Amino acid sequence: MKKILMISPKKCINCGTCESVCTNSAVNVFSFEEAVISVPIMCMQCEDAACMMVCPTGALSRDENDAVVVDPNKCIGCKMCISACPMGNINYSINLKKVMKCNLCEGNPDCVKYCPTRAIEYVDATSSNIEKKKIVASKFKGLFEDE
Ligand code: SF4
Ligand code: SF4
């Protein structure tokens, strides 16, 4: 069965571990002071991934873990995928002149391994948790669009 990353904002203590262990700098923890909550945000590996649709060179594809991955040999650094991502989860490397994004650490995500409170989990993709993930994603998508 395929697996997905699930986040539980209520468990996040904003320690920053997930950000520092991510080799692709693909996790950002946002703190919402009014709601007294912190949320780790990373690529949702969207079903209809906008980044894949706009990439002019076919540099983005789906791997065996269902992660949307970048082929550095095909990436020309045009940043169209960055503009297209509704969650702002693709990073541009000035040094490499290419983009970097979450690749689910080839099926063994470091953010999951090192999170001390299990606020990020890598779980079987059942229909109910996929639905939950979509709800979380749409809430935060709306939030970022407002900003
Ligand atoms: S490692 Fe876990 S608890 Fe720490 S900021 Fe990341 S998600 Fe939150
Ligand atoms: S920056 Fe690279 S991966 Fe992104 S759209 Fe352009 S060629 Fe594709």
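A short reminder: the numbers here are calculations on the coordinates, not readings from a lab. For clarity, every value in this text was computed on a predicted model and none was experimentally measured. FYI the Cβ positions are ideal-geometry reconstructions off the backbone, even for glycines, and counts take in every protein chain you see.
Between ASP124 and ALA84, what is the label-to-label distance in nm when each label sits 7 Å out along the Cα-to-Cβ direction?
In this crude label model, ASP124 to ALA84 measures out at 3.3 nm.
Excluding residues on the same chain fewer than 8 positions from LYS11, give the aspartates and glutamates whose Cα lies under 18 Å from its Cα.
Here the aspartates and glutamates satisfying the reach criterion relative to LYS11 are GLU19, GLU33, GLU34, ASP110, GLU121.
Going through the cross-link list LYS74/LYS132; LYS2/LYS132; LYS2/LYS133; LYS10/LYS139, which pairs have a Cα-Cα distance over 23 Å in this structure? Walk me through the intermediate numbers first.
Numbers: LYS74/LYS132 34 Å; LYS2/LYS132 16 Å; LYS2/LYS133 14 Å; LYS10/LYS139 15 Å.
LYS74/LYS132, as the Cα separations exceed 23 Å there.
State the three equivalent ellipsoid semi-axes of segment 3-146, derived from the C-alpha gyration tensor as the square roots of 5 times its eigenvalues, in descending order and whole Å.
Here the semi-axes work out to 24, 16, 16 Å.
At 7 Å along Cα-to-Cβ for each site, give me the label-to-label distance between ILE37 and SER8 in nm.
1.5
Taking the alpha-carbon distance from LYS98 and a cut-off under 17 Å, which aspartates and glutamates remain once sequence neighbours fewer than 8 residues away in the same chain are dropped?
ASP71
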